[in-house]
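Here's the structure we're looking at; comments come further down.
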Amino acid sequence: MTETSVDALIIGGGPAGLSAALNLARARTSVLVADTGRPRNAATLRSHGFLTRDGISPIELRKLARAELDVYPAVRVLDRTSVTTLTEADAGDDARFTATLQSGRSREPRVVSARSVLIATGLRETLPAVPSLRSFYGMTLFSCAACDAWELQDRPLALIGETPDLPARARLLARWTDDLAVFTNGAGVVDTVEEAELAASGIVVERRPIADLEGDRGQVSGVLLTDGTRIPIAGGFVRPRWEPALDFLAGLDVRRDSDGHLLVDRSGRTTIAGLYGAGDAAAPGPQQLIVAAGQGARAAAVMVHDMVGVRTTH
């Protein structure tokens, strides 16, 4: 069994984790990044809202970040590697945490001791059970209005979901189009008062179950209902169900919110000393790449200060 000791273990190789790794490296910190290689935005062809990189492929953005990290010899990134357990080390040890890592390339687990740990694993998402939805997801159907609504503006759009926040999301999407239909797929998540409020804004609520979506080569063209009705659209948004990817924390008594996100202060500190969170795994906020990268950078600065005993709030 391979054993490694580092100043900082980063769990997650997305914008939050890679941004933290860069800033920690520049502070002469030894860093190990465990990256499963399964980003939630893998289906997205272009990402938006990242200053100087608007419209870049998420895959290309990760490649650029990894190339920048290659300059720093104290950073190692383990690809296709997941953390299976994370526990606090014995009292008195310089390393506060012990993690077990499993790589897809090896049956032999790796044990890592770390003075501090940043959790940047993001979220797992479950899409509504519509057969062809993934054929259009990331091309003309998206989950983030701030990220992708500009490209769909003024088109007839759908909002598909089965969660109680659909009315709020519909009111937001109405900034980009005046032709919006909300599809609940048979779920009773929009009450009559909310439906009347949406109707007053020109937003239609369609409660009938969805049989499938129609379209070609990633371009969605219609929503087919189970009774045979076809409603034409030219794009839209999906409300997935999200959950933090934090199964490896079963051995740690760290506080979370009611949805399972890590509870962190404004500096990224959790309720366990030396354990930090950044990006979508921490308390929810805007799910944008640039926000996650900024949170990773802030957490890295705080981690360095905490390592040397300089208590500060960033």
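The values are calculated or read from the model by the stated rules, or taken from the named source; none is laboratory data. Keep in mind that this is a model prediction, so the values were computed, not measured. Don't worry about glycine lacking a Cβ; one is built from the backbone with ideal geometry, like all the others, and counts go over all protein chains shown.
Quick test for you: out of Arg134, Arg171, Arg115, pick the one residue that is in the same structural domain as Leu246 (by TED's automatic domain parsing) and in contact (Cβ under 8 Å) with a residue 24 or more places away in the chain.
Going through Arg134, Arg171, Arg115 in turn, just one is in the same structural domain as Leu246 (by TED's automatic domain parsing) and in contact (Cβ under 8 Å) with a residue 24 or more places away in the chain: Arg115.
Select, from Arg169, Arg208, Arg155, the only residue that is under 25 Å from Thr229 (Cβ atoms), among the charged types (D, E, K, R) and in a helix (DSSP H, G or I).
That would be Arg169, the only listed residue that is under 25 Å from Thr229 (Cβ atoms), among the charged types (D, E, K, R) and in a helix (DSSP H, G or I).
Just need a number here: residues in region 214-239 that are closer than 22 Å to Glu125 by Cα and outside any strand (DSSP E or B).
Selection size over region 214-239: 2.
Give the residues of region 245-282 that are small (Gly, Ala, Ser) and touching a Gly at 6+ places or on another chain (Cβ under 8 Å), sorted by residue number.
Ala245, Gly268, Gly277, Ala278, Gly279, Ala281, Ala282, listed by residue number.
For residues that are in contact with a Leu (Cβ under 9 Å, 6 or more places away or on another chain), crowded, with 21+ Cβ neighbours inside 10 Å and among the small types (Gly, Ala, Ser), scanning just region 152-197, find the one that is farthest from Gly215 (Cα to Cα).
Among them, the one singled out is Ala170.
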